[in-house]
Each structure stands twice: as C-alpha cells, then as structure tokens.
1. Could you give me the ³J(HN,Hα) list for region 245-260, computed from phi with Karplus coefficients 6.51, -1.76, 1.60 and θ = phi - 60°, whole Hz, x at Gly and Pro?
2. Taking region 10-184, how many lysine pairs are there with alpha carbons less than 17 Å apart, if each pair must be eight or more places apart or span two chains?
3. Let me check against my output: what whole-number percent is the relative contact order of the chain, with C-alpha pairs under 8 Å and at least 6 apart?
4. Compute the longest continuous run of the chain that contains no exposed GluC sites (Glu not before Pro); treat a site as exposed when its DSSP state is not H, G, I, E or B and it has at most 14 other Cβ atoms within 10 Å.
5. Indicate the gyration tensor shape class of region 63-221 (rounded, prolate or oblate), computed on the Cα atoms with a ≥ b ≥ c the square roots of the eigenvalues: a/c under 1.5 is rounded; otherwise a/b larger than b/c is prolate and the rest oblate.
6. Residue by residue through region 267-272, what is 3J(HN,Hα) from phi via Karplus (6.51 cos²θ - 1.76 cosθ + 1.60, θ = phi - 60°)? Round to whole Hz and write x for glycine and proline.
7. What is the extension gain from Glu57 to Thr165, computed as 0.36 nm multiplied by their sequence separation minus the C-alpha to C-alpha distance, in nm to one decimal?
8. Calculated from DSSP H runs of 4 or more alone, at -39500 (n - 2.57) each and per residue, what is the 222 nm mean residue ellipticity of the chain, nearest 500?
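Read-outs: derived from the displayed coordinates by stated rules, not from any lab. Owing to the predicted nature of the structure, the values given are computational and were not obtained by experimental measurement. As a convention, Cβ positions derive from the backbone with ideal geometry for all residues, glycine included, and neighbour counts pool all protein chains shown.
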Amino acid sequence: METRHHRPELWRLAQTPDRRRGWSVSGSIPKGWLNGCLENVVATISSGVSVNSEGREKAAGEIGILKTSCVTTGSFRPNEHKVVVPVEVERVSEPVARDTVIVSRMNTPDLVGASAYIGRDYADLFLPDRLWQVRPSKKATGRWLSFVIGSPAMRARLKAIASGTSNSMKNISQDGFLGLPVQVPPIDEQRRIATVLGTWDESIDKAECLIAAKQKRFSAVRINLVEALQVAARGNNSWRPIEFGQIAEELKQRNAAGHGPDRVMGVIKGEGLVPMRAHVMASDLRRYLMVPPRAIAYNPMRLNIGSIAASRYDEDVLVSPDYVVFRARKGRADPDFLRFLIGTKRWREHLIAVGSGSVRTRIYFDGLAEMVLRVPDVREQKRIGQMLAAMEEDLKATIEAASALRTQKRGLMQKLLTGEWRLDERFDAEALSPRALVVGGRS
C-alpha cells in the first residue's frame, strides 16, 4: 500500500505561479474560493499490488482485482476485473472504498489519468498497483473532487505531466499529481456543484444503459431475421441458396467526373466511410473509384478484420483505386438487406476459407462472389432491411443523444468548477438539469 498525506503549507505556495512544475493558478478567483493544489484537497493516495489472476468475472466468495478499464469511461465499472487465484488472495491489500476516486496512474497516453467516483464499498474488489485510490481531505467532498479530477482541463494537465520512455505507456507521479493547481470553493458550494453535475451523470448512465439494451435487441433481431435462416434446417425455411455474385455486382467506374479531394473517403472500422486527410491521398484522383449512394466499399487487405462499409452519403464519393466497390443487383437484392448479410457467421466462415494459407490476405470481389448464402425473395429482403435499418437509426439517435449530454456536461463543468457560474443556497437544481439544458440550452 502506498500512502501520501497532504501538507497544509501548500496553500501558501499555491498563491504564486509554480514555475518548477510549469503550471500557474490565476490570481483572480471567485469570492470565497481558494487557490491551491490537489494536495490541499487530498488526504491520502493508496494503491494495491499486482497479483496472479484469471481473466473472468468472479463468482460468489471469490476475490477480484480491478483492471484499469474499470475507470476509462469516467464511470466506475465493477465488472471490469479479474479473479485473484486462491494462493494470492492474502497478498491483496487495498479494497475499493466508498467516497473515493480511483485514478489510472499508468496507462496509454490517451487513457492515463482516467478516473471514476466510488459511491459504495466493494469488500471483494481490490486495487492493483496501476490504480490509485484517492481519499478527499476535510476541505473537499469526494464527489466534487471526482469532477475536478475528471474534468477536461485536469485530464489535459494529467496527460501533460505523465512521463515514460514508451509512447504506448505513460505514468503519473504522486508529486506531479498532487502539485496540480485547483480552485477550491467552500464545502457547501462543492456539494451543490456535485448535485448538479451528478444529475447529468445519472442521465448519461441511463442513456448508456438504453444504448446497451438497444444494441442487444438489434443483435438479437438481426440474428433471428438474417443469421438463423442461413441454416437450411431452420423451421419452414424457404430461403434459397445463391452465390453472392448473383445478388451483388462489382463497380469499377473511375472518377471521370473529376470530383475533388472533398469527396475522397476511407473505411475506418467501427466508423464507416469517413473523409480522408489530404496527405494520405494521391495528387491525381482520376483513377479513384466511384462509390454511389448505398454501395459498399472495402480494402481487400483489411476485409478479414471487418473494414467494410456502405456509403450513407446522398452523392457519389471516391475511394482509393486499391479498394473494391460493389452494390446490390437491381431486382435481385435489397441494399439494406445486403449490408446486413455482412458479418454473419456464414460471411466470416467464407473469409477464413478464402484467406487460409495466406500471410497477408487480399480478398477481391471474385473471392466474395463464390460465397453461397441463403436469401429470401426481394420483397422479403426489403421488409427485413427496412426493419433493421429503422432499429439501427433509432440506436444511432440514442447514441447521438448520449454524446450531446456528455458535451453539455463538459460545458457545465467548465462553468461550475471555475466559478464562472456560482451556486448559492438559493440555486434551482432543476434549472441546470439535463431536461432544462439539453435542447438549445446553455453549455
């Protein structure tokens, strides 16, 4: 266990810029607030030890050791842990405790400094050495401290002070962490700030739960409507086997229209067709392939890892001449149904078979064309495609709403944690709730 107590004299040190650390605290602060460092509002920092563990969730009576991923989203995820092997149980030392902030002191450059508030005790979960458990001093509430540590401004500072010779792993020192400047409001105002921001966290958590439920439902419906019927013996299955080349056609049209760099796209796994940066495209775009609306494009060297996407643009776009472009054959396949066939078990099995024996797999359209799938008539395809597309759009809207909540919360944090907006005892929590601000409100 590693513990560090705060030193009260840092209140005086923080009144002037700390040139040694490269940070300074503004001399202009809200009335009643104090300039200080994190050390002034932190009582102790503790960490655990690394132990041998199994990569699964614990059962009743077992002990878990947290993974750094338990705080990467900004909310504590207790299921992100491993099971401590029995012979190592006596070595664990730091249980997860209520009203603390867990901080990832060692992680990748983007995730180092990630943190989350802990609202209750977890007697069967323990910290490894890469996570800190930060306890607030008497000058701070744990919830307010968690918002300060997790704020965009503090995350940027934590990232800046993280050190390490490896570009893939950075580490934050306790001295660097505790020396970071902070503006501290009175305890009562801290509680009011935490109350307001806490309502936003609750709304974001509810949105995330809704997203997870909709994703699960979408996957289940897709399996039931598309994947399950690839099996011939599935009930009264009238879907006929057909080669992929009979329902899809390759497109090889070049950029004869002379479209410019603003139309050049690339496939990013998980994001789809997105605009490419100018420095990664050729100066001459005449050989680039045209991708009409709803057509599908992929890089033949990355198809086996899922880098394939349908165009959602209303106009023709361009992709590299190294790509493959295809679309649903008119009268034989529905474009939405066709793209929902991508990624099915039968699709994945075919890619494995086509690429077997190759060190660097290139799968061109000819390799896809010979794949045998079971499909219904076009009318049924359209019905299924429309249903899944509607569910997909609903899921997308929920994801965008959650993103908007996070953006609004970041803006609100900037206002409240700097004292630009003050909350006295007369403040109306409802006026700063997501319901009041999320649409066209202040941010």
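1. x, 8, 10, 9, 10, 6, 10, 10, 5, 8, 7, 5, 6, x, 4, x
2. 6
3. Once divided by the residue count of the chain, the mean separation gives 14 percent.
4. No qualifying site falls inside 58-270, the longest such stretch.
5. Rounded, because the longest to shortest axis ratio a/c is under 1.5.
6. For region 267-272, the Karplus-derived couplings read 8, 10, 4, x, 10, x Hz, x marking Gly and Pro.
7. On the way: separation 108, 0.36 × 108 = 38.88 nm, distance 3.30 nm.
The Glu57-Thr165 span can extend by a further 35.6 nm.
8. -9500 deg cm²/dmol
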